[in-house]
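Structure, as structure tokens:
The values are calculated or read from the model by the stated rules, or taken from the named source; none is laboratory data. Quick caveat, the model's predicted, so the values are computed rather than measured. Cβ coordinates were reconstructed from backbone atoms using ideal geometry, including for glycine residues, and neighbour counts include every protein chain displayed. Remember, those area values only see protein heavy atoms, side chains included, never the ligands or the DNA or RNA. Shrake-Rupley method; radii C 1.70, N 1.55, O 1.52, S 1.80 Å.
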Amino acid sequence: MVRVSAPLLGLLLLCCFGFLAPPAAAEYVKYRDPLQRLEVRIRDLMNRMTLAEKIGQMVQLDRAVVTPEILRDYSIGSVLSGGGSVPLPKATPEDWINMVNGFQNGSLSSRLGIPMIYGIDAVHGHNNVYKATIFPHNIGLGATRDPDLVKRIGAATALEVRATGINYVFAPCIAVCRDPRWGRCYESFSEDPGIVQQMTDIILGLQGEIPENSRKGVPFVGGQDKVAACAKHFVGDGGTTRGINENNTVTDWHGLMSIHMPGYYQSIIKGVSTIMASYSSWNGEKMHANRDLITNFLKNTLKFRGFVISDWQGIDKITDPPHSNYTYSVLAGVQAGIDMVMVPFNHTEFIDTLTGLVNGEFIPMSRIDDAVRRILRVKFTMGLFENPLSDQSFLDQLGSQAHRDLGREAVRKSLVLLKNGENADGPVLPLSKKAPKILVAGTHANNLGYQCGGWTITWQGLSGNNNTTGTTILSAIATAVDPSTEIVYRENPDSNFMTSNNNFSYAVVVVGELPYAETAGDSRDLLIAEPGYNVISTVCGRVKCVVIVVSGRPVVIAPYLDQMGALVAAWLPGSEGNGVADVLFGDYGFTGKLPRTWFKTVDQLPMNVGDANYDPLFAFGFGLTTEPVQAN
Ligand code: GLC
């Protein structure tokens, strides 16, 4: 017989009645185990999700209308900042982190605790954010012909985005702009699909280099210093007729595949996590409703395994007028293969409509499961379940000197020298740093907002030097020249001024376009802002001048070319104006090449390299060079 001591007997009795039951281990939840395979985690989580939770994951809302309670109660998949949607004016990184974490805690308190992903348009640096480094817009990066530079810009941008607690960017725009009258042409790297393909290397900077053994098409985000990227806008946004934004791209299958699709093929190979549908149409069919291209081609043929996101109210715009038949919009958009919908305001209307379509068996559950599987794949891949909340590890990255130096390098390499007129004294550029007296003139010489362009601090961009930090072209010139040089600055000098001040060694005239974004930038005449042309004529008619054009695209300049000593296309250089001075004064040579054709007259458009009757003012690929001047 087994003898049992009284104390042990007492202990056993207590255990039998549960008073000292061994502590229950926390329930093991497979999808929360990072050691589980990706697809196992996805399957486990999806098996636990209700239809409401699945549909919630397909919703993206703007920060202006969302609360932690909405995120919790509806299991919302994502939050965004639309252009200029900031926690408060000149918000600090800490303000951003607190806002994003506040929303995230709402998501984490939902039944299954699925973290949300926060998206923002960081399209030339972290451009919504005060004191961020503003890099040249894509057209300038295309002029550099330097994919490695662009990859480094992607990595720097990712760090600055993470500094504010954000983990997803709606970049890069890989549009192939075929008509500069398009208001978004500066968001396009080039008219040439080959350059656009090269520049998709920015994805490797934003997301990280994909591992050698990665399956093609699988999204990849390589760490907490990287962000999920978004190739946009699928497909053919840059080919709309006469450059009319959100309009119709008329081309055959070969034209679509050879010009507008190659960038997506490259982006998928490089592991892009998301792809955004275009507002535009292809041969009359809205891209947001194009199942053949989104599902059959992008997902099934190109094997893209990230998620497809709509543009802002993109499904509403499937109908004309927009939102005039929302049930049809939701049906057409989701059935086309859109996985996440940038609603971005009325989540209940979208959720109720989609729920009705699924319950009515108009949309099969398999389509919902495909969308949610893709969304979860991105979230698991980027480590969002393990690291849902942001810390202050990257605070010092925002606007860091290293990033500003990188921006300066990008500016140097993006400038294209179009004329360097020979005169009695030889070429005009590089300029002397030791001239006794120089004139700096023009609307864009001392305006940081103008040199950054659209998508800067606000959606449409701003004027002035107090909206963020950086270096104007005037300041850069003042820093570069010898202290003995007298600099006279006049935004709009008249002939009297020029007559009474006739002893300038040379003049730098900085003119161009005012900031714009999207449809607001659509142009029929491609003229620079007044009084730009007057300043050119008034100044260059009296003194040797260098004209710097700050614009998002080629503009009308031919009638004034003869008056100019030299002409530089600066595009939209961003916050680091020192890069302009670096090449003006010969610390570095000009190396940039035109990423797009520069027309003689607007009635030649559209005109792209390879076209018959190609008769440009300056051809695609043109760019004069200068040698660096040895420091004396
Ligand atoms: C805009 C743009 C798109 C941007 C989105 C969110 O309308 O078309 O490029 O990412 O809305 O701001």
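List of remarks:
- Of all aspartates and glutamates in the structure, those lying under 17 Å Cα to Cα from Lys216, and not within fewer than 8 positions of it along the same chain, are Glu39, Asp201.
- Potential extension, Glu349-Phe362 segment - 0.36 nm per residue separation minus Cα distance: 3.0 nm
- Electrostatic dipole magnitude of region 39-397 [Cβ: Lys, Arg +1; Asp, Glu -1; Cα centre; debye, to 20]: 520
- Translational diffusion of the chain, µm² s⁻¹ [Kirkwood Rh, Cα pairs; Stokes-Einstein; 4 °C; 1.567 mPa s]: 50
- Positive-end residue of Ser81, Leu35, Val66, charge dipole of region 32-83 with Cβ unit charges: Leu35
- Label point of Leu88 set 7 angstrom out along Cα-Cβ; within region 106-132, amide nitrogens under 20 Å from it belong to 128-132.
- Within a straight-line Cα-Cα reach of under 23 Å, Lys433 can be paired with the following lysines, leaving aside sequence neighbours fewer than 8 residues apart in one chain: Lys413, Lys419, Lys544.
- Region 540-578 versus region 151-171: alpha-carbon centroid distance in Å: 31
- Residue-wise HN-Hα coupling along region 177-185, computed from phi with Karplus coefficients 6.51, -1.76, 1.60 (Hz; x: Gly, Pro): 6, 10, 8, x, 6, 6, x, 10, 4
- Part-to-part distance (alpha-carbon centres) for region 43-104 and region 414-485, which is given in Å: 41
- From most to least packed by mean Cβ count within 10 Å, the peptides 65-73, 133-141 give 133-141, 65-73.
- Distance between the C-alpha centres of region 367-405 and region 173-204: 25 Å, rounded to the whole angstrom.
- Average accessible area per residue (Å²) across the chain - probe 1.4 Å, nucleic acids and ligands excluded: 37
- Backbone N within region 596-627 under 19 Å of label point (7 Å from Arg524 Cα along the Cβ vector): 601-607
- Total formal charge among the other residues, if their Cβ is under 10 angstrom from that of Val583, Lys/Arg +1 and Asp/Glu -1: 0
- Among Thr301, Leu395, Gly194 - extreme Cα towards positive end, dipole of the chain, charges at beta-carbon: Thr301
- Dipole of the chain [Lys/Arg +1, Asp/Glu -1 at C-beta], most positive-end residue of Phe590, Asn503, Asn446: Phe590
- Each Lys and Arg Cβ is given +1 and each Asp and Glu Cβ -1; about its Cα centre, the chain then shows a dipole of about 1280 debye.
- Rough spin-label spacing in nm, given labels placed 7 Å along Cα→Cβ, for Lys30 and Val556: 6.7
- If you plug the beta carbon distance of Leu51 and Thr469 into 1/(1 + (r/R0)^6) with R0 = 56 Å, you get a FRET efficiency near 0.70.
- Computed from the C-alpha gyration tensor, the three semi-axes of the ellipsoid equivalent to region 193-334 are 27, 17, 13 Å, from longest to shortest.
- Summarising the amide proton neighbourhood of Tyr489: residues at separation of 5 or more, or on other chains, whose placed amide H is nearer than 5 Å comprise Val440.
- The dipole here belongs to region 34-177: it is taken about the Cα centre, uses +1 on the Cβ of Lys and Arg and -1 on the Cβ of Asp and Glu, and is about 280 debye.
- Its Cα gyration tensor gives region 415-604 an equivalent ellipsoid. The semi-axes, each the square root of 5 times an eigenvalue, are 25, 19, 16 Å from largest down.
- For region 223-230, Karplus couplings with θ = phi - 60° (6.51, -1.76, 1.60), whole Hz, Gly/Pro x: x, 6, 9, 10, 9, 6, 10, 8
- Antiparallel DSSP beta bridges within the chain, percent to nearest 5: 20
- Summarising the label geometry, the points placed 7 Å from Cα in the beta-carbon direction at Ser258 and Asn503 lie 6.2 nm from one another.
- Counting only lysines at least 8 places from Lys90 when in the same chain, those with an alpha carbon closer than 21 Å to its own are Lys131.
- Amide H contacts under 5 Å for Ala228, placed H, 5+ residues apart: Tyr168, Val169
- Net charge of Cβ neighbours under 11 Å - reference Val481; Lys, Arg +1; Asp, Glu -1: +1
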